[in-house]
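Below: the structure, in structure tokens.
The values are calculated or read from the model by the stated rules, or taken from the named source; none is laboratory data. Predicted model, so just to flag it, every value in this text is computed and none were measured. Backbone-built Cβ (ideal geometry, glycine too); neighbour counts: all protein chains shown. These accessible areas exclude ligands, DNA and RNA; they are computed on the full protein's heavy atoms, side chains included. Shrake-Rupley method; radii C 1.70, N 1.55, O 1.52, S 1.80 Å.
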Amino acid sequence: MNVKPLSPVDLALAASLLVLLGLFSWRLQLGLGRQLAIAAARTTVQLLLIGQILRLLFAHVHIGYMLLISMVMLAAAGREVVERQQRSIRGLHGWLIGTGSMFLSSFSVTFLALFVIIGNVPWYTPQYAIPLLGMLLGNTMSGVALGMDRMTETLWQQRQVIEQRLLLGQTAGQAVREIRRQSIRAGMMPIINSMATAGLVSLPGMMTGQILGGSSPLDAVHYQILIMFLICAGTGLGTIVAILGVERKLFDARHRLRLDVLSPVRDS
Amino acid sequence: MLMPTLAINNLRFQNRGPYSFRIEAGECVGLQGDSGAGKSLLLRAIADLDPRTGLMQLGDINADAVAAPVWRRTVGLLPAESGWWLESVGDHFADFDAIDDGMLAAVGLDRSVQTWQISRLSTGEKQRLAIVRLLHNQPHCLLLDEPTASLDQGAVTRVEELLLAYCKTQGAPMLWVSHDPAQLARISEHLFLMVTDGRLIDTGGAHDEC
């Protein structure tokens, strides 16, 4: 069974909706026009590009190519996490915390799914590996970015209370216990919410795609359940590792709150 | 309790210092100086809240030889503005029941404050409770950053008495920051003046000037 192909005219029709939205933005002075245009252009170019790359990868299955593309995806996700911080941690460390935690969680969960659960030969069959890794990285990235942003922002705003707690003899870990918990929750809430409403309110994107592509709804549902669990595990692990990393970086060995490791607030 | 002396040697932080001075057990030293001269920064550095170098010794405790939380609990810094993070007053004490009634009475409060909501406290109430909380921790030394700034005259007198009594009975060295020369003359035996570039000048006995 084949999908009905979309012509450039079809896509142009969809794009005209964005132009309409841009007009609203201009009329209401929302200041979103520029961002909207850039994001839409990025989506178009990046997806067309990845389409070509995937076509090539499917034709030439090799673990070297797979490693290369997964590293590119990881580096892009790492950069995005830093970009989404109001006050990111200065220098390489800020990038490393986000990227490292995504690597640990997304890659190990993807590997587990491919090797143990799906069990293709070879396990890195691109048709499975790339979409899986992409979905995991994308969701983990959101969780890590949300959690880290919440953590650094709250530490900044509550520095007086945190230092008061330190002054009374609490350790850094005790002084940030609530903030740590809130930040991890903030990172995990989106995926927990979407698991809770999956099927009731929204049909998840991957499942929709599979059904559009002609799979039986039951097969699609099974895959979607698998993906939800993987994403939840990946996001949770990634967020926890990232938050612990931020905590380590924002306190030194003498339990001092080191807000000087944060870069100044960025204009958004 | 061992009578401790607070000894600061070549304390440097940011681009300030070196500071070297001693406060004997049971001695109250007043610290005055213009706003922004860095008095609070000095107290923070002694409590090891900011990166610093130099030797700090309280009695036989060396700041670098113990974990930072232990050092901070021992030196007892009262910040100019106190921090509260839980719902009720009592939640901020490890064991509210162990607090001496006399200490609460000395700051004009009673046992019922345990259930008071933090959001409804006035600035002065917060300040008096912060002092109770600090003393309840039994620090061996007191670093006080304008402890009576938000209090009315009656409360000022009671708080001065309470803190001085702690200093004398426990033999705790005390460093008291204030903008009020009359207060420093009342409470301190010795005066330091911090000038705008951060230098610390030992101006000797407090009573000589006033």
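For chain B, what is the calculated [θ] at 222 nm in deg cm²/dmol (nearest 500), taking -39500 (n - 2.57) for each run of four or more DSSP H residues and dividing by its residue count? Provide the component values of the computation, followed by the final result.
Values: 7 runs with 65 residues, N = 210.
That comes out to -9000 deg cm²/dmol.
Report, to the nearest 10°, how far helix B:123-136 tilts away from the longest principal axis of the Cα atoms in chain B, using its own Cα long axis and a range of 0 to 90°.
Helix B:123-136 sits roughly 80 degrees off the main axis of chain B.
With a 1.4 Å probe and all protein chains kept in place, how much accessible area does B:Met174 have, in Å² rounded to the nearest 10?
0 Å²
Divide the volume of the convex hull of the Cα atoms of the range A:170-212 by its number of residues and quote the answer in cubic angstrom per residue.
Working: hull volume 2.7 nm³, N = 43.
Expressed per residue, the convex hull around the Cα atoms of the range A:170-212 is 63 Å³.
Starting from a Cα-only point model with no solvent, please compute log10 I(q)/I(0) by Debye for the range A:1-60 at q = 0.27 1/Å.
Taking Cα atoms of the range A:1-60 as identical point scatterers yields -1.11.
When only C-alpha pairs under 8 Å and at least 6 residues apart count, what is the relative contact order of chain B, in percent? All intermediate terms of the calculation are to be shown ahead of the outcome.
Numbers: 380 pairs, mean separation 66.3, N = 210.
That works out to 32 percent.
How many partner chain Cβ atoms sit within 10 Å of a residue's Cβ in peptide A:168-174, on average, as a whole number? Mind dumping the intermediate values first?
Working: counts 15, 12, 3, 4, 2, 0, 1.
Partner Cβ neighbours, averaged per residue: 5.
Compute the normalised compactness of the protein assembly as shown: alpha-carbon radius of gyration over 2.2 N^0.38 Å, N being the residue count.
With N residues counted in the protein assembly as shown, Rg over 2.2 N^0.38 Å equals 1.32.
Can you bin the range B:147-202 into rounded, prolate or oblate? Criterion: square roots of the alpha carbon gyration tensor eigenvalues sorted a ≥ b ≥ c, rounded for a/c under 1.5, prolate for a/b above b/c, oblate for the rest. Each step should come with its number before you reach the end.
On the way: a/c = 2.49, a/b = 1.38, b/c = 1.81.
Cα axes put the range B:147-202 in the oblate bin.
Give the angle, between 0 and 90 degrees and rounded to the nearest 10, that separates the Cα long axis of helix B:153-170 from the longest principal axis of the Cα atoms of chain B.
In chain B, helix B:153-170 runs at an angle near 70 degrees to the longest axis.
Per the Kirkwood formula on distinct C-alpha pairs, the Rh of the range B:33-121 is how many angstrom? It would help to have the intermediate numbers written out before the result.
Values: mean 1/r = 0.0632 Å⁻¹.
About 15.8 Å, per the Kirkwood formula over Cα pairs.
Give the Rg/Rh ratio for the range B:6-209, taking Rg as the radius of gyration of the Cα atoms and Rh as the Kirkwood radius, to two decimals.
Values: Rg = 16.7 Å, Rh = 17.4 Å.
Rounded to two decimals, Rg/Rh equals 0.96.
Among the lysines, select those whose C-alpha is under 30 Å from the C-alpha of B:Lys168, and discard any that sit fewer than 8 residues away in the same chain.
Reachable lysines: B:Lys39, B:Lys126.
Counting only protein chains, not ligands or nucleic acids, how are A:Trp156, B:Trp71 ordered by accessible area (probe 1.4 Å), most first? Each step should come with its number before you reach the end.
Working: A:Trp156 80, B:Trp71 0 Å².
Ranked from most to least accessible, the order is A:Trp156, B:Trp71.
Quick check: pseudo-label points 7 Å beyond the Cα along Cα→Cβ at B:Ala105 and B:Thr169, how many nm apart are they?
Calculated label separation equals 1.2 nm.
If A:Arg180, A:Arg42 are ordered by their accessible area, calculated over protein heavy atoms with a 1.4 Å probe, which sequence runs from highest to lowest? Present the calculation step by step, with values, prior to reporting the outcome.
On the way: A:Arg180 60, A:Arg42 115 Å².
My answer, sorted largest first, is A:Arg42, A:Arg180.
Among A:Leu136, A:Gly238, A:Leu167, whose Cα lies farthest out toward the positive end of the dipole of the range A:62-261, if unit charges sit on the beta carbon of Lys, Arg (+1) and Asp, Glu (-1)?
A:Leu167
Report A:Arg254's accessible area, 1.4 Å probe, all protein chains in place, as a number in Å² to the nearest 10.
Here the accessible area works out near 40 Å².
Please express the shape of the range A:206-268 as an equivalent ellipsoid: the semi-axes are the square roots of 5 times the eigenvalues of the C-alpha gyration tensor, given largest first in whole angstrom. Intermediate values should be presented prior to the final figure.
Working: eigenvalues 369, 48, 4 Å².
Working through the eigenvalues yields semi-axes of 43, 15, 5 Å.
Can you tell me the mean projection area, over all orientations, of the convex hull of the range A:140-268's alpha carbons? Units nm², please.
Projected area, direction-averaged: 9.8 nm².
Please work out how much accessible surface A:Ile89 shows to a 1.4 Å probe, ignoring ligands, DNA and RNA, in Å² rounded to 10.
10 Å²
³J(HN,Hα) across the range A:247-252 via Karplus (A = 6.51, B = -1.76, C = 1.60, θ = phi - 60°), whole Hz, x for Gly/Pro?
With the stated coefficients, the range A:247-252 comes to 4, 4, 6, 8, 10, 9 Hz.
With θ set to phi - 60°, apply the Karplus curve 6.51 cos²θ - 1.76 cosθ + 1.60 along the range B:3-10 and write out the HN-Hα couplings as whole Hz, x wherever there is a Gly or Pro.
7, x, 10, 8, 10, 10, 10, 6
Which value in nm describes the separation of the simple spin-label points at A:Lys4 and A:Ala41, placed 7 Å from the Cα toward the beta carbon?
Label at A:Lys4, label at A:Ala41, 3.2 nm between them.
Equivalent-ellipsoid semi-axes (√(5λ), Cα gyration tensor) for the range A:49-201, whole Å, largest first?
Working: eigenvalues 262, 60, 37 Å².
Value: 36, 17, 14 Å, ordered largest first.
Using the alpha-carbon atoms, what tilt in degrees (0 to 90, nearest 10) does helix A:63-83 show relative to the longest principal axis of chain A?
The answer is roughly 50 degrees.
Over the Cα atoms of chain A, what Rg and Dmax result, in angstrom?
Both quantities, over Cα of chain A: 21.2, 69 Å.
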